[in-house]
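What follows is calculated from the coordinates using simple rules that are stated; it is not laboratory data. Remember, predicted model here, so these are calculated numbers, not experimental data. Here the Cβ positions follow ideal geometry from the backbone for every residue, glycine too, while neighbour counts run over all protein chains shown.
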């Protein structure tokens, strides 16, 4: 933690040196959000690689989430959720050896807020439309949506699937459309975005389910 004197003397509020060293390198997050009016069930497959030291415990940031399940493909895992610290601690048995590639799968629930403009929150909604939900992840809002390493140095790629009410005109997330919008059940649609070209910090993650007017114009570039 930096002092107030240091904060006033610095050109930028945060520098890379202000963040602790990570024990793993996050590579990819495969996310599925099943969105409803009052809550969203999030399925996350977080793939990472252990760095130079074995990992027995791994701390994920998780703020105001309901944790349903946690599993790992390389070891048995138990977990504890410290709501005061907003930390989900995973304990692996056996510990993960250096340079092990592993995937942690979590099932959790987040609930949009109408007054905390961080994480997933309600925005202005047209009359008769399902509630507009939009995310704000800067600086540490991503952990209000899904368990993660919510650190600017934990850059990774993303694949994001949104499942929501078919009345929404727009379902948006980072990247290009990988699987176009299609029906997945009565009144429900799904769309998948691929953001695998350039690793992205968690605070840049975005999702939106909204009802908007749509204007289209074709452009041709040389």
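General observations
- Reciprocal mean inverse distance between Cα atoms of segment 71-116 - Kirkwood radius, Å: 12.8 Å
- Using only alpha carbons, segment 36-152 has a radius of gyration to Kirkwood radius ratio (Rg to Rh) of 1.05.
- Over segment 126-216, relative contact order from alpha-carbon pairs under 8 Å, at least 6 apart, %: 41 percent
- Potential lengthening of the chain between residue 52 and residue 124 amounts to 21.2 nm, from the contour at 0.36 nm per residue minus the alpha-carbon distance.
- Projected label distance in nm at residue 41 and residue 155, using a 7 Å step from Cα toward the beta-carbon: 3.5 nm
- Three-way shape label, segment 142-208, alpha-carbon gyration tensor, a/c 1.5: prolate
- Helical runs assigned H by DSSP (4 residues or longer) give the chain a calculated mean residue ellipticity at 222 nm of -500 deg cm²/dmol, each run adding -39500 (n - 2.57) before division by the residue total.
- Residue-span extension gain [residue 99 to residue 179] - 0.36 nm each, minus C-alpha spacing: 25.6 nm
- Burial ordering of 41, 124, fewest other beta-carbon atoms within 10 Å first: 124, 41
- As a proxy for reagent exposure, ranking 127, 59 by other Cβ atoms within 10 Å from fewest up yields 127, 59.
- FRET efficiency for residue 115 and residue 67, using Cβ-Cβ distance with R0 set to 25 Å, rounded to 0.05: 0.60
- Packing-based exposure ordering (other Cβ within 10 Å, fewest first) of 182, 115: 115, 182
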